[in-house]
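Beneath this line is the structure, given in structure tokens, with notes to follow.
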Amino acid sequence: MTCLHLLLTLVFAVSLGTPVEIQRPRGVPLTKKQFYEESKPFTCLDGSRTIPFDRVNDDYCDCKDGSDEPGTAACPNGSFHCTNAGYRPMFIPSSRINDGICDCCDTTDEYNSGAKCENTCKELGRKEREVLQKMAEITKEGFLLKQQLIEEAKKGQQEKQSKVTDMQENKKQLDEKVEALRTVKETAEQPEKEAKERHLKAWEEQKAAIRLEKDKAKMAETFLELDDNEDGFVSVSELQSHAELDPDADGTLTEIEAQGLMGGAEQVDTSTFESVWPKIKDKYHSEVSREEADISLCLCVVQAQPTIKTPEKTHEDEEAMPPYDADTQALIDAAQKARDDFEEAEKALREMDDQIRNIEKELSFDFGPDAEFTYLYSQCYELTTSEYIYRLCPFNRVSQKPKYGGSETNLGTWGSWSGPENNKYLLMKYEQGTGCWQGPNRSTTVKLTCGKETVVTSTSEPSRCEYLMEFTTPAVCQEPANIDPSPHDHVEL
Amino acid sequence: MAASCDSLLPLVLLLCLSAQAVDRSNFKTCDQSAFCKRQRELKPGQSPYRALLDTLELSNSRLSLQLINDNNKVRLLLELYRLQGNMTRVKINELKPLKPRYEVPDVLLSHPITEALSVVAQDENSLVVSLGGKDQRLILSAQPFRLDIVEGSQVLMSLNSRGLLAFEHLRTRKDTKSESEQATGQENVEQQTDEDGQIKEDDDKPGMWEETFKSHTDSKPNGPTSISLDFSLPGVEHVYGIPEHADTLKLKNTDGSDPYRLYNLDVFQYELHNPMALYGAVPVLISHSTDRTMGIFWLNAAETWVDISSNTAGKVRVISSEAPQTDVRWMSESGIIDVFIMLGPKPADVFTQYASLTGTQSFPPLSALAYHQCRWNYNDQEDVKTVDQGFDEHDIPYDFIWLDIEHADGKRYFTWDPSKFPQPKEMLQGLMDKRRKLVAIVDPHIKVDSGYKIHNEIRSKNFYVKNKDGGDYEGWCWPGNAGYPDFTNPEMRTWWASQFAYDQYEGSMENQYIWNDMNEPSVFNGPEVTMHKDALHGVWEHRDVHNLYGLYVQKATADGLIQRSEGVQRPFVLTRAFFAGSQRYGAVWTGDNAAEWGHLKISIPMCLSLGLVGISFCGADVGGFFKHPSAELLVRWYQAGAYQPFFRAHAHIDTPRREPWLFGPENTALIREAIRQRYALLPYWYQLFYNAHRTGQPVMRPLWVEYPDDFATFSIEDEYLIGKDLLVHPVTDEGATGVTAYLPGKGEVWYDVHTFQKHDGDQSLYIPVTMSSIPVFQRGGSIICRKDRVRRSSSCMENDPYTLYVALGSQGSAEGELYIDDFHTFSFEEAKQFVHRRLSFSANTLSSRNLAPDSQFSTASWIEKIVIFGGSQPSSATLKSADGTESALEFEFDSTLAVLTLRKPGVNAAADWTIVLR
């Protein structure tokens, strides 16, 4: 067994530039030094048992809590403290002691493994200080920018708020105006309607008279056509030549049927024909012109299919309605103006509503505790990689477009802030993007870090169709801690 | 990863879109495989074969005689060999084939050692051959031809007792016959003048000279060549083996269903519980009864179907007048009949016998037995680094991180994607600094691309498999159009191996190992997603060598890894396709499973079946490859996987990330604990693999292997043994609140390894479980060595001390072994540098004794603690070292559980020592 028993360690610490030696068992942090007194038996820190002090760090685990082996790998749940003078002290799991891998920059974790570790604490400390300094600068500047953002956002918010208030005031007026104009419109429309109806009625009557006259003329004409022998009578046989009049549609107009049409008479003169005409006029085909028959057929079709077209336009017989008389036209013009005024006012109201809604929507977004994320609203930020152009439009959507042509893919629309409980504003979640084959809908998590500029710094797809985007913005910069000019010179002792 | 769907491959995409589960129509049933249909139409009855006893030739170790088929007068040559270790080899080939038939090379370790045979009796219709020892005889009956192997008056096995020997002899095609008769006239004339008259050709049946499946036509220039033989096993109800199938451990009756199929195939989203072929094939069947364990090794690499028929199948076990019997029938598309009958009689004997033929499990480097983290794909170097750090942040050990196909430049294996992995050595060095390793995939399909060095060399060296017309065979796979190197060609394999040299494989380092996937081979646009059977490997058709292709790929790769280290380092290569003998080259996994409870359950019988036929290094993708596991399933799978030989988590590219810490702190803790249990037990796993390597005994064993007389164990597949000393019953049911474990062994005791509670053997025990439970029991009478200081990788633990867990049997004694070496080189074999010790406890004395006095190895490891279960409280414990010094040991005794803990013996693990309790 190559392992050491009780090993006390000399710790060289730097405090005010003077090296100080502080003895304590290996792996014990200074804060716990008082529990490890060489002259006394050791009581496990959980109080579970007391053992002779020479069993501390003897490479056998006696305490359930691992406290007797702070400097060996014997306990499964132990931890080892490295001082890392010049850098940052830390605890590592006991299992990393003497495992051949340098974990502590001061090399104290590998005291018996043969691993060649170099003390890198100074270097790490220097680098860390540089990084921290840089970060501190960024944070500082970023935080200043953030203050501006907050200021602007507050101003903007107030402006918007008051704009909404103003608009709502205006809207009230508009509402009233619309109502007033509606009344005007309705008042003007009533006489217009009546005048129009009057005009129409007169026109209908006129049309009926014309139609009657035409019918009579047609009847007379038909009588003449039917009266083949020109004896002034239409006989049964003369009527029979018109098979289309067949009432049972079996193709022939029998004598009895013809007689029936003629009201039982053998023949009719022009006056008695008047009672026959209504029974046959719909079916009657003129002998003179096929075209006429076609037209009447065509008419049937048109009439059978009611359309919105006005009959004037399709019926050659019917003439256009005569223009409104001056009085009516005046009423119509007045009503039209009232209508136009009303619609215009209503449109203005709708637009106003939209504007109010948009502003209210914007105001309803959670732009952070101090509204510092407001400035991202309705902006978009792009990052071009070797294959794609990624586009982040905060509070709206994330998308990806192939660099060399191809359609855009939606990587998610705004969902929610989803950072850890203590600061949910560190992550944004965009969800329900374009679906994946055999997979979920695409989604994107945007990780926000403090930076002077607002930029998308990287994108990746850690899991198929789940994207990760890194985004810097001053809005997440925290107030720099009250600056101790060299916070890391101070090592825990 | 399956031949599933690459967005680049519209054809494949189409194929896959429809498939939520396996698309059965892509794969043949017996009816759709012309030879299987022909063979299966032949029903049991009188065999047309007759042995011509006057042709008997007997040399010292070889007996041969001719068989004639009385229907067509074709003669066969039967050869019988008695092999060392209680085995009989039966070979049947055509006496005078038109051209040579394929005999599988490179699977047998060497020429098996034969033993003397003697004819002890003979009459006009039979021949009795002594098989040596134990009154074993082989009775050859001439008409109808059959073989019976008997011991005393008991028939152990009969061949052709159901008359299903069928040998489709090579023939010339009828429409071309007159031509070829002129060409090869001499032979035919000779046959025609045989005393028995003319050869009568069978009538052509469909599929003899050409066969079409879906859009693929198999040209079959050699016509029908299939073979078949039946074996009857009187007294046998339980048969096992012939992997790979996603089915029960005990093989099912195949009357009324398809036979079990052995034809290495890339099956997309395979279904459970059916006899369809999967990625690998080991044509070895094991029979077991309380009387005897035997094995049948059917050495044939062509498409093979196995029918199992048992007269007790589906019946409740009642005492009936009919003795149980299982009949097995093997049918292969080409080649010869070459069968090894392993006569046991004990399970361990069958394993030894089979190992003497095809070799034992390769002894993996220790780290390969640790935990592997895989995903299709870790996206880039940064991702690898982040995952590596994730393990440290969550204090979870792992040894290997894996890179799937996306790591290579356009799926050109042996290369790295220049934008994702621009500095592979930097990445590998980063892992090496953490004493961890990486596996990168190298598949056998090679992108046809004149700008790709590997392709150009293979093409210029003429190493590609050829199509039937003699051009380079090409098929679609991950890279698009791809060629397939002819791994059956030893020159090709040598060249392939040389490509793993550090100066050839740019960016590779010694902590990079290899994974061979898609080596069935998978051909996306080929028949049944594999290679056309009429493709050519030199003079042989792909038909002849198909099931062997994957073995060769892994062999050549493993050789490459050995050679790159100049023979020093043990290789580690994972393969998906395999054959008999693949155990010599590395690990296998059960392919593209799914995140479903059924797949978790089936991983046990699948790996047990493989273990029975020599392949111990088996595992299933933890978590399931396809689909997204629930946190519960994932945790349960880690718990089960931690106790299976090959322990690797893997996931399909389309699934959400599932590194162990992504399911909340509770589940992270549960997974961490499961993995830590694996690491603590690595010394035991390592010793078992050493044992498997030396003796051929499986690492993961069905209970019946250790309890062969206990009928109750014969069908158990939800629990198993690791070695003989640990019994594991993983929780594989969703929402389980308990499991019922069967603890075997009348008069034996078992100890719960977590609670130290003692249970009697020979009972079914209900164990309540919570999410943290992994029911594991240590056999009373065993000593297991663990390393309880779990660190971030197995390499970090190499010098750590051991804790001995001594579980006393009912007689108050226990035994175990401890094996130590450098954990990664061949020095254990070549320089005998290892420690192998016997630990035994009896009469209150525990001692460590050297099992290999001619070996030597110095280890820094020592004995830190000894925990003894089932003993009583001593008054003193004295350690006697090899130099005679004595010292008192402190101890603690827990009287409620009867657990004695000896504090810090401190002796070196390689030393002789004794501890006496008084």
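The values are calculated or read from the model by the stated rules, or taken from the named source; none is laboratory data. Small disclaimer: the values here were computed from a predicted structure and weren't measured. Cβ atoms come from the backbone with ideal geometry, glycine included; neighbour counts cover every protein chain shown.
Selection of region A:381-421 for residues being of a type in the set (K, R) and at pLDDT below 90 yields only A:K403.
Of all the residues in region A:25-55, those that are assigned to a loop (DSSP other than H, G, I, E, B) and within 14 Å of chain B (Cβ to nearest Cβ) number 3. Inside region A:404-457, residues that are over 19 Å from A:D366 (Cα atoms) and either β-branched (V, I, T) or part of a loop (DSSP other than H, G, I, E, B) (or both) make up a count of 21. Of everything in region A:56-81 that is within 13 Å of chain B (Cβ to nearest Cβ) and either touching a residue at least 60 places away in the same chain (Cβ under 8 Å) or aliphatic (A, V, I, L, M) (or both), the residue that is surrounded by the fewest Cβ atoms within 10 Å (Cβ to Cβ) is A:A74. Being more than 20 Å from A:S286 (Cβ to Cβ) and surrounded by fewer than 16 Cβ atoms within 10 Å (Cβ to Cβ) is the requirement here; does A:R211 meet it? Considered against the rule, which asks whether it is more than 20 Å from A:S286 (Cβ to Cβ) and surrounded by fewer than 16 Cβ atoms within 10 Å (Cβ to Cβ), A:R211 comes out as no.
Can you find a residue that is within 15 Å of B:L681 (Cβ to Cβ), at pLDDT 95 or above and assigned to a loop (DSSP other than H, G, I, E, B) anywhere in region B:751-769? Yes, region B:751-769 has at least one match.
Counted as qualifying within region B:64-166 are the strands (runs of 3 or more DSSP E) with 2 or more residues that are buried (at least 20 other Cβ atoms within 10 Å of the Cβ), namely B:75-83, B:87-94, B:126-130, B:136-141, B:146-151, B:154-159.
Within region B:557-573, is even one residue surrounded by 24 or more Cβ atoms within 10 Å (Cβ to Cβ) and part of a strand (DSSP E or B)? Yes, some residue in region B:557-573 is surrounded by 24 or more Cβ atoms within 10 Å (Cβ to Cβ) and part of a strand (DSSP E or B). Checked across region B:769-783, the condition of being buried (at least 19 other Cβ atoms within 10 Å of the Cβ) and under 25 Å from B:A882 (Cβ atoms) holds for at least one residue. Taking the listed residues B:D399, B:D395, B:D380, the one that is touching a Lys or Arg at 6+ places or on another chain (Cβ under 7 Å), acidic (D, E) and away from chain A (no Cβ under 12 Å) is B:D399, with no other qualifying.
Taken across region A:97-112, residues that are at pLDDT 90 or above, buried (at least 19 other Cβ atoms within 10 Å of the Cβ) and in a helix (DSSP H, G or I) do not occur at all.
With respect to B:Q687, is the statement that it is within 14 Å of chain A (Cβ to nearest Cβ) and over 15 Å from B:L612 (Cα atoms) true? Criteria not met by B:Q687.
Determine whether B:G735 is part of a loop (DSSP other than H, G, I, E, B) and within 30 Å of the chain's Cα centre (by Cα). No: the conditions fail for B:G735. A single entry from B:E168, B:E181, B:E124, B:E151 fulfils the requirement of being more than 21 Å from B:L77 (Cα to Cα), modelled with pLDDT of 90 or more and among the charged types (D, E, K, R): B:E151. Do we find a residue being part of a strand (DSSP E or B), touching a helix residue (DSSP H, G or I) at 6+ places or on another chain (Cβ under 9 Å) and under 23 Å from A:F367 (Cα atoms) anywhere in region A:394-402? No - not one qualifying residue is present in region A:394-402. In region B:743-760, the residues that are closer than 19 Å to B:Q811 by Cβ form no Cβ pair under 7 Å with any partner that is buried (at least 21 other Cβ atoms within 10 Å of the Cβ) and of a type in the set (D, E), whether six or more places apart or across chains. Taken together, the residues in region B:832-850 that are within 23 Å of B:M797 (Cβ to Cβ) and either hydrophobic (A, V, I, L, M, F, W, C) or touching a helix residue (DSSP H, G or I) at 6+ places or on another chain (Cβ under 7 Å) (or both) amount to 4.
Scanning region B:851-888 for residues that are in contact (Cβ under 8 Å) with a residue 40 or more places away in the chain and away from chain A (no Cβ under 14 Å) yields B:F857, B:I868, B:F869, B:G870, B:G871, B:P874, B:S875, B:S876, B:A877, B:T878. Cβ separations smaller than 7 Å between residues 6+ apart or across chains give the following pairs from region B:545-572 residues that are at positive phi to residues that are modelled with pLDDT of 95 or more: B:G567/B:F826. The single condition among (1) small (G, A, S); (2) over 33 Å from the mean Cα position of the chain (by Cα); (3) closer than 29 Å to B:G623 by Cα that B:A408 does not meet is (2). State yes or no: is B:P665 surrounded by fewer than 22 Cβ atoms within 10 Å (Cβ to Cβ), without any contact (Cβ under 8 Å) to a residue 40 or more places away in the chain and not aliphatic (A, V, I, L, M)? Judged against the criteria, B:P665 is a match. If you go through region B:889-912 and keep only what is free of Cβ contacts under 8 Å to residues at least 12 places away in the same chain and away from chain A (no Cβ under 14 Å), you end up with just B:T896. Those helices (runs of 4 or more DSSP H) of region B:583-701 in which 1 or more residues are touching a Cys at 6+ places or on another chain (Cβ under 7 Å) and over 25 Å from B:T803 (Cβ atoms) occupy B:597-612.
Within region A:451-465, being crowded, with 20+ Cβ neighbours inside 10 Å, more than 22 Å from the chain's Cα centre (by Cα) and either more than 12 Å from chain B (Cβ to nearest Cβ) or of a type in the set (V, I, T) (or both) holds for one residue alone: A:G451. Examine region B:818-833 for a residue that is surrounded by fewer than 21 Cβ atoms within 10 Å (Cβ to Cβ), within 14 Å of another protein chain (Cβ to nearest Cβ) and part of a strand (DSSP E or B), and state whether such a residue exists. No; the residues of region B:818-833 include none that is surrounded by fewer than 21 Cβ atoms within 10 Å (Cβ to Cβ), within 14 Å of another protein chain (Cβ to nearest Cβ) and part of a strand (DSSP E or B).
The rows are residues; the columns are (1) hydrophobic (A, V, I, L, M, F, W, C); (2) without any contact (Cβ under 8 Å) to a residue 40 or more places away in the chain.
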{"residue": "A:G406", "(1), (2)": "no, yes"}
{"residue": "A:N422", "(1), (2)": "no, yes"}
{"residue": "A:L426", "(1), (2)": "yes, no"}
{"residue": "A:Y430", "(1), (2)": "no, yes"}
{"residue": "A:V446", "(1), (2)": "yes, no"}
{"residue": "A:T449", "(1), (2)": "no, yes"}
{"residue": "A:C465", "(1), (2)": "yes, yes"}
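Screening B:S855, B:S847, B:S872, B:S842 for residues that are touching a His at 6+ places or on another chain (Cβ under 7 Å), among the polar types (S, T, N, Q) and surrounded by fewer than 17 Cβ atoms within 10 Å (Cβ to Cβ) leaves exactly one candidate, B:S855. Look through region A:95-126, keep the residues that are polar (S, T, N, Q) and touching a residue at least 40 places away in the same chain (Cβ under 8 Å), and return whichever of them is farthest from the other protein chains (Cβ to nearest Cβ). Looking at residues that are polar (S, T, N, Q) and touching a residue at least 40 places away in the same chain (Cβ under 8 Å), I get A:T108. Scanning region A:230-258 for residues that are buried (at least 16 other Cβ atoms within 10 Å of the Cβ) and either among the charged types (D, E, K, R) or more than 15 Å from A:K283 (Cβ to Cβ) (or both) returns A:F233, A:V234, A:S235, A:V236, A:E238, A:D246, A:E257. The selection criterion, being surrounded by fewer than 23 Cβ atoms within 10 Å (Cβ to Cβ), at pLDDT below 95 and small (G, A, S), holds for B:S419.
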